[in-house]
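J.: I have a structure I would like to understand better, so I am pasting it below and will then ask my questions one at a time.
The values are calculated or read from the model by the stated rules, or taken from the named source; none is laboratory data. Nothing here was measured: the structure is a model prediction, and the numbers come from that model. Cβ sites come from the backbone with ideal geometry, for glycine too, and all protein chains shown count toward neighbours. Only protein heavy atoms, including side chains, enter the accessible area calculation; ligands, DNA and RNA are left aside. Shrake-Rupley method; radii C 1.70, N 1.55, O 1.52, S 1.80 Å.
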Amino acid sequence: MTALERSWFEEAQQSMHGWDFSHLAGRWQTADLPWDYAALVREHLSAEDRWLDIDTGGGELMGCFNHQPARTAVTEGWQPNIELLKQTVVKKGITLYPDAAEQLTAVPNSTFDIVTNSHGAMPVKRIAEVLKPGGRFVTQQVGATNNYALSRFFDEHYEPAYPDNQLLTVMAQMQAAGFEILRAEQAYAALSFTDVGAIVYYATVIPWEFPHFDVARMLPKLHQLQSLLAINGRVTTFEDRFMIIARKLARRD
């Protein structure tokens, strides 16, 4: 085994806490989207709002908004993140709803002025139910074709894990659930890796886009990527993203 191959195996053994890709700092680059999700949240999040952040990961992004803990709640489904949140944000007074099924089952109805969702599950009907009438929903989503070319490179039979997570489909679901769509956009952003080890790490921690990824089995593919990277210094795929801002309409009797 070469030193390069050994480094790839080591990358596959790395773990991630929360939703933190700092391990890839300086090794990847993503083109800017035409919108800024954090700015959109700040635009719609008022100091007195009761706020729910869905699938908050380790709470890294949620914490950037410095909202009042007593008026903040989060959901999370992955048990390691749930344990992390118990030791961090819960101790600050933020409410945590463990949500392994990603259906907001434990979240009370008609409670929140705003719900946000960055790359989380989208139980649209339940989101409408937990919002107050007139409440806002702000989301940025990973579209169905995210990294499709790279996923197919590793597995010629790969099909998207969430094929219906597309802008038009989700907008129609939201209208049916009683939302007024205020803004909606879709974009594709180039994602470039500057070393193959970074790709190995990325594929390992996102198994729904790279199912059954295994370094030993993928060694020929990884060497192909290494050869391609030597040509222009990077391997590029494309992120599929869409955003929606919506308001829950008052109930019509």
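J.: Go through 139, 169 for me and flag whichever is touching a strand residue (DSSP E or B) at 6+ places or on another chain (Cβ under 7 Å) and among the β-branched types (Val, Ile, Thr).
T.: On the way: 169 fails: touching a strand residue (DSSP E or B) at 6+ places or on another chain (Cβ under 7 Å).
Testing whether each residue is touching a strand residue (DSSP E or B) at 6+ places or on another chain (Cβ under 7 Å) and among the β-branched types (Val, Ile, Thr) leaves just 139.
J.: Report whether or not residue 120 is closer than 18 Å to residue 245 by Cα and open to solvent by less than 20 Å² (accessible area, probe 1.4 Å).
T.: Values: closer than 18 Å to residue 245 by Cα: yes; open to solvent by less than 20 Å² (accessible area, probe 1.4 Å): yes.
When the stated conditions are applied, residue 120 passes them.
J.: Which count do you get for residues in the range 132-160 that are assigned to a loop (DSSP other than H, G, I, E, B) and either of a type in the set (Lys, Arg) or open to solvent by 50 Å² or more (accessible area, probe 1.4 Å) (or both)?
T.: 4
J.: If you don't mind, there's one more thing I want to ask. Hey, could you check the range 61-109 for residues that are polar (S, T, N, Q) and open to solvent by 70 Å² or more (accessible area, probe 1.4 Å) and say which is farthest from residue 247 (Cα to Cα)?
T.: 87
J.: With the requirement that a residue be within 10 Å of residue 54 (Cα to Cα) and hydroxyl-bearing (Ser, Thr, Tyr), what does the range 74-133 give you?
T.: 75, 97, 116, 118
J.: Of everything in the range 16-56 that's open to solvent by less than 10 Å² (accessible area, probe 1.4 Å) and under 13 Å from the mean Cα position of the chain (by Cα), which residue is nearest to residue 121 (Cα to Cα)?
T.: Out of the qualifying residues, it is 54.
Every residue, every condition in (1) small (Gly, Ala, Ser); (2) farther than 20 Å from residue 146 by Cβ; (3) open to solvent by less than 10 Å² (accessible area, probe 1.4 Å); (4) modelled with pLDDT under 95, yes or no:
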| site | (1), (2), (3), (4) |
| --- | --- |
| 184 | yes, no, no, no |
| 195 | no, yes, no, no |
| 199 | no, no, yes, no |
| 208 | no, no, no, yes |
| 221 | no, no, no, no |
| 239 | no, no, no, no |
| 244 | no, no, yes, no |
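J.: Still on this model: Report yes if some residue within the range 211-219 is in contact (Cβ under 8 Å) with a residue 24 or more places away in the chain and of a type in the set (Lys, Arg); otherwise report no.
T.: No.
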